[in-house]
Every structure is written in C-alpha cells, then in structure tokens.
Amino acid sequence: MPQPDRRILISYGLTFALVALAALIRLALTPWLGHDMPFVVFIFPLLVAGFYFGWGPSLLVTAAGAVLGTFFSLGAPDGAPYRTFGVGIFIMLGLFVSIASWMLERSKALAAQANQRATQANLHKDRFLAVLGHELRNPLNGIALGAEILERQSVGNPKHSDLAQMILRQARLMQKLIDDMLEISRIEQGKVKLVCTEVQLQEVIATCVEQQVAAMQKNAQTLQLHLPPAPVVVWGDQPRLIQVLANLLTNASKYSGPHSHIDVLLSQGTQVELVVKDNGRGIAADKLPLLFEPFMQINPASEHAEGGLGLGLPTAKRLAELHGGTLQAFSPGPGQGAAFTLRLPLRGAPLLGPSQA
C-alpha cells in the first residue's frame with residue numbers, strides 16, 4: 001500500500017495547528033468580542049494554507065473555519081441571518097483562495113513539465129549534433145584527402161587543379177562548421193575543461209595575427225596593434241584564449257570589407273582589457289544583444305555568402321566566461337564599425353567559470 005507523502009502530512013498537520021491556534025485565540029477574545037467577528041481569526045490560516053500548503057489544506061480551513069465560526073456566533077442577537085451571512089462570506093473567500101491555490105499549483109506543474117521537455121529536447125539536440133558531427137567527419141576527411149591528391153596530380157592541368165582546390169576549400173569549410181557546432185554543444189553541456197597556466201597575452205595576440213594576416217592581406221586590410229611594453233599575464237588556457245581572439249579578428253575582418261582598418265588594443269588596470277575594433281559595417285543597437293546567441297545571424301544574406309553558422313561569437317563569449325571574464329560588443333550604428341571588448345581577471349585572481357568546479 002503506497003505511503004502518503006511526508007510533505008502532505010506536514011502541510012495538513014500545520015493546517016490543523018493553525019486552525020486550532022486561531023480557535024484558541026478567538027476563544028480567548030470572547031470576553032471582549034462576544035459574538036462579533038466570529039470568522040475573522042480564521043482568515044489568516046486560510047491564506048497561509050492556500051498559498052503555502054495548497055488547495056487541499058485551504059479547503060480544510062474553509063470547512064473548519066465555517067463550523068467554528070458558526071459555533072462562536074451562536075447566541076448572537078441577529079440569530080440565524082447573521083450566521084448565514086458570515087458563513088456564506090467565509091466560504092466564498094475560502095473557495096476563492098482554494099481555486100487560486102489550485103491554479104498556482106497547476107501553473108507551476110505545467111511550467112515544470114515544459115522545462116523538463118525543453119531540457120530533454122536540448123539533450124536530444126546535443127546528442128544528435130554530436131552523432132551527426134562525428135558521422136560527417138569521416139566522409140569529409142575522405143573528400144578532403146581525395147581533393148588534395150587530385151590537386152597534386154593536376155599539375156599542368158589548370159582546370160582540374162582549380163576544381164580540386166574548390167573541392168578542398170568547401171570540404172575544409174564544412175569541417176570548420178561541424179567543429180564549431182560540436183564546440184558550442186560541448187560548452188553548453190559543460191564538457192569543456194580549461195587547462196590553465198600563466199598566459200602572456202602579447203603571445204596570444206601574435207599567434208592570432210599570424211593566423212589572420214593572409215586573409216587580411218587578401219582584402220587589403222590594415223591591422224594596428226596597441227600593446228603595452230610590459231608583459232600582460234593572465235591565468236588561463238592559452239589555446240582557448242587564442243580561439244577567442246581569433247574569432248574576434250576573423251569577425252572583424254569578415255565584416256569590415258576591403259581596405260578597412262582594424263585595431264587591437266591591450267591594457268591592464270584592475271583587470272585586463274583587450275579590444276578588437278574595426279571601421280566596417282557596424283551593428284544596429286537593437287541587434288547588439290543578439291550577437292552572442294547561437295545560430296543567430298544579424299546579416300543572413302552576407303552570412304550565407306561568406307559561410308558560418310553564427311557560432312563564432314557565442315563560442316568566444318562562453319569561453320571568456322569560463323575564464324571568469326566577459327565579452328561585450330559596442331557599435332555606434334550601421335556603417336560606423338564595431339568594437340568587441342574582452343575583459344579577464346589578472347593573474348592570480350580566482351576563475352569564476354564552471355570548469356574550475
């Protein structure tokens with residue numbers, strides 16, 4: 001035979017105690033109140049039962065309060081009409097509180113069910129992305145390898161060489177999209193663990209600039225570094241910090257266009273501040289909060305043309321947060337460029353990210 005829930009027993013027990021206490025208080029006040037206000041003292045236990053214990057205990061208070069209030073009104077000068085009016089008002093109040101309590105419990109249950117379904121759907125999504133990513137990697141690796149072999153064997157045949165290079169570019173692009181998709185999924189699931197050491201940010205910047213210089217030269221873009229002479233050191237995962245800054249530089253280059261200018265500014269105060277600033281397309285004020293949402297594309301047409309799932313900035317922001325830092329975007333408006341500010345704690349400051357748990 002199933003045992004009753006301990007919480008239910010406690011709620012009904014406390015309800016009985018409140019009703020008994022209210023009855024004793026009313027009994028103690030009888031010499032002063034006489035038959036007046038026989039139901040007032042039961043309103044407090046009714047409200048407590050309805051909004052803390054549930055609709056069942058509130059119905060119990062309604063029934064008990066009606067009976068006890070009637071008892072305390074016996075002998076009133078107005079007799080039966082007085083009792084009938086008082087009982088009716090108290091029962092109506094009790095039913096209102098009970099219905100409100102039931103609706104509140106129902107809404108909480110529906111919200112919990114919706115949250116559970118959303119959690120399960122998100123889990124299924126993450127599993128699907130992981131399986132899909134791993135399954136797509138094998139054929140893509142084969143396509144990329146075949147394209148490389150075809151390119152080497154196409155010496156003297158420009159048509160075949162161009163075709164092989166096109167296949168190789170598209171295969172690598174798809175590999176990057178899959179890697180980005182799996183990366184944000186791992187971060188969202190808390191599976192990314194930082195391997196932290198002392199990291200000199202000037203070295204991080206130099207590595208990222210080296211990775212990005214070819215693309216910038218192709219677009220005739222200029223890059224200027226504003227770095228302090230003294231080393232700026234933080235406690236972090238160097239490959240992950242390189243990933244964050246590389247995303248910011250790639251984003252600045254992609255949305256600045258040919259012959260644009262990009263600045264990288266590094267400063268140190270109570271915390272480290274790294275700013276990547278461009279004079280490109282800019283961002284409307286109402287779009288700024290959407291930049292760090294996964295799969296959110298502010299300029300869908302251009303995103304489609306240049307490749308990307310809208311995962312670079314969300315990944316960079318979450319990695320910054322894992323380091324106990326922040327990543328924020330600012331833009332005066334469309335056509336006026338944008339700036340992304342990465343703030344990190346100084347070396348020795350405790351990390352706040354979940355990876356340190």
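The values are calculated or read from the model by the stated rules, or taken from the named source; none is laboratory data. Just so you know, these numbers come straight off a predicted model, no measurement behind them. A quick note on method: Cβ atoms are made from the backbone with ideal geometry, for glycine too, and the neighbour counts reach across all protein chains shown. Keep in mind that these areas ignore ligands, DNA and RNA; they rest on the heavy atoms of the full protein, side chains included. Shrake-Rupley method; radii C 1.70, N 1.55, O 1.52, S 1.80 Å.
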**Separation in nanometres of the label points that stand 7 Å from Cα toward Cβ, at L95 and F71** = 2.5
**Shape call, segment 134-226: gyration tensor on alpha carbons, a/c limit 1.5** = oblate
**Request:** Treating the angle as unsigned and between 0 and 90°, give the value, to the nearest 10°, between the Cα long axis of helix 158-188 and the longest Cα principal axis of the chain.
**Result:** 30
**Complete:** Reported to the nearest 10 Å², E151 has, with a 1.4 Å probe, an accessible area equal to 60
**Request:** Obtain the nm distance between the two label points defined at Q200 and I43 by a simple spin-label model: each point lies 7 Å from its Cα along the Cα-to-C-beta direction.
**Result:** 7.5
**Asked** Which shape class applies to segment 230-289: rounded if a/c is under 1.5, otherwise prolate when a/b exceeds b/c and oblate if not, where a ≥ b ≥ c are the square roots of the Cα gyration tensor eigenvalues?
**Response** prolate
**Segment L29-Y52, length gained on full extension (0.36 nm per residue, minus Cα span)** = 5.6 nm
**Fill in**
For L311, the residues 5 or more places away or on another chain with a placed amide H closer than 5 Å to its own amide H are F295
**Request:** Might you report the magnitude of the Cβ-based charge dipole of the chain about its Cα centre, with Lys and Arg at +1 and Asp and Glu at -1, to the nearest 20 debye?
**Result:** 480
**Item:** Calculated FRET value between Q217 and E148, using beta carbons and R₀ = 22 Å, to 0.05
**Value:** 0.40
**Request:** Return the single residue from P294, P45, P314 with maximal mean-square fluctuation; model: Gaussian network over the chain, springs between Cα atoms under 10 Å.
**Result:** P45
**Prompt:** Do you know the relative contact order of segment 200-255, to the nearest whole percent, from alpha carbon pairs under 8 angstrom that are 6+ apart?
**Reply:** 60
**Request:** Report, in whole Å, the centroid distance computed from the Cα atoms of segment 207-240 and segment 1-40.
**Result:** 72
**Prompt:** How much accessible surface does W102 have with a 1.4 Å probe, in Å² rounded to 10?
**Reply:** 130
**Asked** Hey, in the GNM for the chain with a 10 angstrom Cα cutoff, which one of I143, I184, I99 fluctuates hardest?
**Response** I99
**Asked** What is the distance in Å between the Cα centres of segment 91-138 and segment 320-349?
**Response** 33
**Item:** Label selected from (1) 16.6; (2) 31.3; (3) 23.7, the criterion being mean projected area of the Cα convex hull in nm² as computed here
**Value:** (2)
**Message:** Please give me the summed charge of the neighbours of T119: other residues whose Cβ is under 11 Å from its Cβ, Lys and Arg +1, Asp and Glu -1.
**Reply:** +1
**Item:** Cβ-based net charge around A147, under 13 Å, with every Lys or Arg adding one and every Asp or Glu removing one
**Value:** 0
**Asked** Carbon and sulfur together cover what percent of the accessible area of segment 248-289 at a 1.4 Å probe radius?
**Response** 53
**Request:** Let me know the shape class of segment 186-226, please: from the alpha-carbon gyration tensor, a ≥ b ≥ c as square roots of the eigenvalues, rounded when a/c is under 1.5, otherwise prolate if a/b is greater than b/c, or oblate.
**Result:** oblate
**Request:** With a probe of 1.4 Å, find how much accessible area the chain has per residue, and write the answer as a whole number in Å².
**Result:** 58
**Asked** Can you count the Lys pairs in the chain with C-alpha separation below 27 Å, eight or more apart or on different chains?
**Response** 25
**Request:** For the chain, with a Gaussian network of springs between Cα atoms less than 10 Å apart, report the residue from D126, D179, D162 with the top mean-square fluctuation.
**Result:** D162
**Item:** Portion, in percent, of the accessible area of segment 167-238 that falls on carbon or sulfur, probe 1.4 Å
**Value:** 55
**Complete:** Note: K287 to R172 extended length (0.36 nm per residue) minus current alpha-carbon separation gives 38.4 nm
